[in-house]
Each structure stands twice: as C-alpha cells, then as structure tokens.
Amino acid sequence: MSDAIDVWQAFWSSSSTISAILFGAVLIVFSVLAKGSSTPQKLPSESQFFGVLIAYATVVLIGLLVLMPMFSPKRLGALVAFLCAVLVLGTSWQIISARSDSAFSVLHLGRLAPWLCYVILLWASLKLVRGGMHSINWLAVGCLLLLVTGGALSIDLVRRLSD
C-alpha cells in the first residue's frame, strides 16, 4: 500500500482486536444485566446501546479495511468516507430528534462525542481520497478517540444498569 499506512499496521491490528473484544463484552454484559433487571425503566434506550456497539464496530471495520492489501489509499478513503458520512448523518438525526427528550443534556453528550469522532474520520478519509497520505494519521486519531468514547459510554451505561 503506502509507507504512511504501513507504519500504522500494528495500531490498526491492535485497535481492531480491542474493539472486537469490547464489542463482544458489551453484548454479554448488557444481555446479562438486562436479563437480571426486573425494572425495564433501568435499561438504557436501544439507541444508546446501539451507539456503543456502532462505535466499536466502526473501529473494527476501518481497521480491517486499512489492513486489506487490495485497497489503494484513495479507494480506502472513499469507503471510509461513505461509512462515516452515513454515521454522521445518522448521529446528527439522533441529536436533532433528542431535543424533544426530557434528558436532552445527558443524551446529547452521549451522542455528541461519537458524532465528533465520525466527523474527524470523515474529514481524514476525504483528505485520503484527495491524495493526502498523511491524513492516515488523523484516521488513526479518530479511531482512537472513538474507541475511548465507546469505552466511556459503555462504562456509563453499565454503571446506570447496575444501580
């Protein structure tokens, strides 16, 4: 592929593995906690749960796409840009529709952090499409921030479920 991408191979392999493990762990923890919870009002909304899973799945998918040897940097950028554009639009829609919720500030912050990560990833991938090979660095930063954001949201949801 490119030297700029080859330098990051260990990062992409590690981040994909970590995200896949966390994805599975979140599914297991929430299924166990949801099964043991007798009060449905304590359970998080589906959009919060899926938001965490989508954050982890995005890091896994981008990591796998970067590691695939058959993609040129421009094609990789186009695929990631398409994925991130869909995620930015979907998350934007959730943020806009959350205005009618009573807990707007909590839901807003839980959706705003992943949205910002998706915007960074979209920007970096568009620069990659245009030939900016060093934007792979920003792609890695965006995925790392998304991994941290997913972890923080997971901890918050588990804390709320276990109360």
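In this rough spin-label picture, where each label sits 7 Å from Cα along the Cβ direction, the Lys35-Gln9 distance is 4.1 nm. Using the Karplus relation 6.51 cos²θ - 1.76 cosθ + 1.60 with θ = phi - 60°, the per-residue 3J(HN,Hα) values for the range 7-23 come to 4, 8, 4, 5, 4, 5, 5, 5, 5, 5, 5, 4, 5, 5, 5, 5, 4 Hz, with x marking Gly and Pro. For an R0 of 45 angstrom, estimate the FRET efficiency from the Cβ-Cβ distance between Ser97 and Ala20 and round to the nearest 0.05. Using R0 = 45 Å, I get an efficiency of 0.90. Whole-Hz Karplus values for the range 56-66 come out as 5, 5, 5, 5, 4, 5, 5, x, 5, 5, 5 Hz, taken residue by residue from phi with 6.51 cos²θ - 1.76 cosθ + 1.60 and θ = phi - 60°; glycine and proline positions read x. For the residues Ser14, Ser19, a 1.4 Å probe over the protein chains yields an accessible-area ranking, largest first, of Ser14, Ser19. Taking the protein heavy atoms of the range 56-95 in the context of the full set of protein chains, the accessible area attributed to carbon and sulfur is 80 percent at 1.4 Å.
The values are calculated or read from the model by the stated rules, or taken from the named source; none is laboratory data. In this text, all values refer to a predicted model and were calculated from it rather than measured experimentally. When we count neighbours, we look across all protein chains shown, and the Cβ atoms used for this are built from the backbone with ideal geometry, even at glycine. The accessibility values were calculated without ligands, DNA or RNA, using every heavy atom of the protein model including side chains. Shrake-Rupley method; radii C 1.70, N 1.55, O 1.52, S 1.80 Å.
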